[in-house]
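The values are calculated or read from the model by the stated rules, or taken from the named source; none is laboratory data. All values reported here derive from a predicted model rather than from experimental measurement. As a convention, Cβ positions derive from the backbone with ideal geometry for all residues, glycine included, and neighbour counts pool all protein chains shown. Each accessible area value is taken on the protein alone, full model and side chains, heavy atoms only, with ligands, DNA and RNA left out. Shrake-Rupley method; radii C 1.70, N 1.55, O 1.52, S 1.80 Å.
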Amino acid sequence: MSSRRSLAFSLSALLVFLFTLLPSSLLSAAPADDLLRLHQLRLAAQKSLGDFYMYNGMEGDQRYARMIGESLQEGQARLDSLGEMPGDASKALRAQLQTSWQSYRSGLQALMDAMRKQGYTDLQPVADLADHNQRLMAISQELYQKIQQENGFSVPPLTQKSREQSLLMQNIALDYASRSASVGTSFFGGGEERAMDVLVGDFASKLGSLSAAQQNTPQITAALSAIETKWRYIEKSLRNYNENTVPFLVSKYSDSIIEGLEGVSAQYAANQQ
């Protein structure tokens, strides 16, 4: 009888111990998942704007209309799937992000409708859209930081660096598309921008830093090598963006580079790096 009681006590003690461990593991998973969703939302927002510039510059090419629609759907899905925010500040920022996203999405859809109906877009609404996009990116970045702060959680360094590299590539593609668009860059740029050659130099330097990371597995090394090959293919065009612009080529290769970087980021995250 005593042995049964002893066994029951041991089992109950084990269950208590396991339940004390469970919440912490769930808490660590939740911010990591939400931070990834936020990152993917930011990529989708930037891609939708870059593809709008391509849509505008290529006089309503329907492939870009489809890509814009896909990016808006993905961004909405990422926003809708965010979990419970960890504190009051992050909850307030999430509410701001939802409002900003809806404003940006509505503005983009209105411009798409105008393009379909009249074959062109007015300058001021395009400038307003770029401003909406910048506000959206600023709020989402602040929320990204706040979730980490309120959870006491940090994205592992190499995971973060590879995500930043994806965003940098997306921003370069966006900048290039805006410069190539027929209306010109003064309205498309929106706010202060770093020079294209600075962005390109930054990307090349950081890609080299990622490739040199000692924690890289053979799979990550191979993936980064493939990314570097694609990067070299468009780097010269990016540096000489005022000569013989090739927006279609840059758009296509940047999408492939970002896809590769996101794969690398996922591997880093799985290895907690």
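Mind checking which residues of region 87-98 are touching a residue at least 60 places away in the same chain (Cβ under 8 Å) and open to solvent by less than 30 Å² (accessible area, probe 1.4 Å)?
Gly87, Ser90
Looking at region 99-111, I want the residues that are farther than 13 Å from Gly75 by Cα and free of Cβ contacts under 8 Å to residues at least 24 places away in the same chain and have a partner that is open to solvent by less than 70 Å² (accessible area, probe 1.4 Å) and assigned to a helix (DSSP H, G or I) with Cβ atoms under 8 Å, at least 6 apart or on another chain. Which pairs are those?
Taking only residues 6 or more apart or on different chains, the pairs are Ala110/Pro125.
Kindly evaluate Ala138 against the criterion of being out of contact with any strand residue (DSSP E or B) (no Cβ under 8 Å at 6 or more places or on another chain) and either open to solvent by less than 20 Å² (accessible area, probe 1.4 Å) or more than 23 Å from Gln170 (Cα to Cα) (or both).
Values: out of contact with any strand residue (DSSP E or B) (no Cβ under 8 Å at 6 or more places or on another chain): yes; either open to solvent by less than 20 Å² (accessible area, probe 1.4 Å) or more than 23 Å from Gln170 (Cα to Cα) (or both): no.
Against the criterion (out of contact with any strand residue (DSSP E or B) (no Cβ under 8 Å at 6 or more places or on another chain) and either open to solvent by less than 20 Å² (accessible area, probe 1.4 Å) or more than 23 Å from Gln170 (Cα to Cα) (or both)), Ala138 does not qualify.
Scan (1) in contact with a Pro (Cβ under 7 Å, 6 or more places away or on another chain); (2) at pLDDT 95 or above; (3) over 25 Å from Gln273 (Cβ atoms) for the single condition Glu150 breaks and write down its number.
(3)
For region 215-242, which residues satisfy the criterion of being in a helix (DSSP H, G or I) and open to solvent by less than 50 Å² (accessible area, probe 1.4 Å)? Give the steps one after another, and end with the answer.
Here is the first cut: in region 215-242, the residues in a helix (DSSP H, G or I) are 218-239.
Within region 215-242, Ile220, Ala223, Leu224, Ala226, Ile227, Trp231, Ile234, Glu235, Ser237, Leu238 meet the criteria.
Can you find a residue that is farther than 26 Å from Pro156 by Cβ and open to solvent by 50 Å² or more (accessible area, probe 1.4 Å) anywhere in region 33-47? Explain how you work it out, then say what you get.
First, pick out the residues of region 33-47 that are farther than 26 Å from Pro156 by Cβ: none.
No.
Tell me the residue from Glu74, Glu59, Glu84, Glu70 that is assigned to a loop (DSSP other than H, G, I, E, B), without any contact (Cβ under 8 Å) to a residue 60 or more places away in the chain and either under 23 Å from Asp128 (Cβ atoms) or open to solvent by 30 Å² or more (accessible area, probe 1.4 Å) (or both), please. Working first, answer last.
Numbers: Glu74 fails: assigned to a loop (DSSP other than H, G, I, E, B); Glu59 fails: without any contact (Cβ under 8 Å) to a residue 60 or more places away in the chain; Glu70 fails: assigned to a loop (DSSP other than H, G, I, E, B).
Testing whether each residue is assigned to a loop (DSSP other than H, G, I, E, B), without any contact (Cβ under 8 Å) to a residue 60 or more places away in the chain and either under 23 Å from Asp128 (Cβ atoms) or open to solvent by 30 Å² or more (accessible area, probe 1.4 Å) (or both) leaves just Glu84.
Please work out which residue is most open to solvent (accessible area, probe 1.4 Å), limiting yourself to region 243-254 and to residues that are in contact with a helix residue (DSSP H, G or I) (Cβ under 8 Å, 6 or more places away or on another chain) and either in a loop (DSSP other than H, G, I, E, B) or over 18 Å from Met58 (Cα atoms) (or both). Before you say what the answer is, go through the steps one by one.
Initially, region 243-254 is screened for residues in contact with a helix residue (DSSP H, G or I) (Cβ under 8 Å, 6 or more places away or on another chain), giving 244-251, 253-254.
In the following step, the residues that additionally are either in a loop (DSSP other than H, G, I, E, B) or over 18 Å from Met58 (Cα atoms) (or both) were identified as 244-246.
Numbers: Asn244: 140, Thr245: 66, Val246: 47 Å².
By that ranking, first place goes to Asn244.
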